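The values are calculated or read from the model by the stated rules, or taken from the named source; none is laboratory data. Please read these numbers as outputs of a predicted model, since none were measured by experiment. Every residue, glycine as well, gets a Cβ built from its backbone with ideal geometry; the counts of neighbours run over all protein chains shown. The accessibility values were calculated without ligands, DNA or RNA, using every heavy atom of the protein model including side chains. Shrake-Rupley method; radii C 1.70, N 1.55, O 1.52, S 1.80 Å.
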Amino acid sequence: MPEISLTEIEHRLDKAEENINELYAKYNGVDKNLVAVTTTLNNLLALVGELKAAVEGLKTRPAAMWDKVVFALLGAAVSAAATYFTGG
């Protein structure tokens, strides 16, 4: 087995330290990106919830308007019938 000189060991150790530092830097970058992505997804989920509530509100508005129209027509018909039968 060939002997490794002290200089070679120091060189390899320095290179290993550089690689470890590079890995930590990449990991920290990924961690920060993950936090940003998670925050963005949470904001999107909240926005989707608000949009869903708004759409549900819009779905009920036409029904409420038609209810008002029907009640107005019924009221007019009852008024007309009452006027007709009372001789007015």
Query raised in the report: Heavy-atom accessible area per residue, the range 1-63, 1.4 Å probe: how many Å²?
Result: 94
Requested in this report: Please check which bits of the range 5-24 a label hung off V35 would reach, taking the label as a point 7 Å along Cα-to-C-beta and the cut-off as backbone N under 17 Å.
Outcome: 24
Query raised in the report: If you take the alpha carbon radius of gyration of the range 1-48 and divide it by 2.2 N^0.38 Å, what ratio comes out, to two decimals?
Result: 2.15
**Report entry** Principal-axis tilt of helix 6-85 within the chain, Cα atoms, nearest 10 degrees
**Finding:** 0
Report summary line: Carbon and sulfur atoms account, in whole percent of the 1.4 Å probe accessible area of the range 12-82, for 70
Requested in this report: Could you calculate the contour length gain from N21 to A76, that is, 0.36 nm times the residue separation minus the distance between their Cα atoms, to one decimal place in nm?
Outcome: 11.5 nm
Query raised in the report: For the range 11-88, what value does the Rg/Rh ratio take when both radii are computed over Cα atoms and Rh is the Kirkwood radius, given to two decimals?
Result: 1.77
**Report entry** CD proxy at 222 nm, helix term only [per DSSP H run n ≥ 4: -39500 (n - 2.57); per residue of the chain; nearest 500]
**Finding:** -35000 deg cm²/dmol
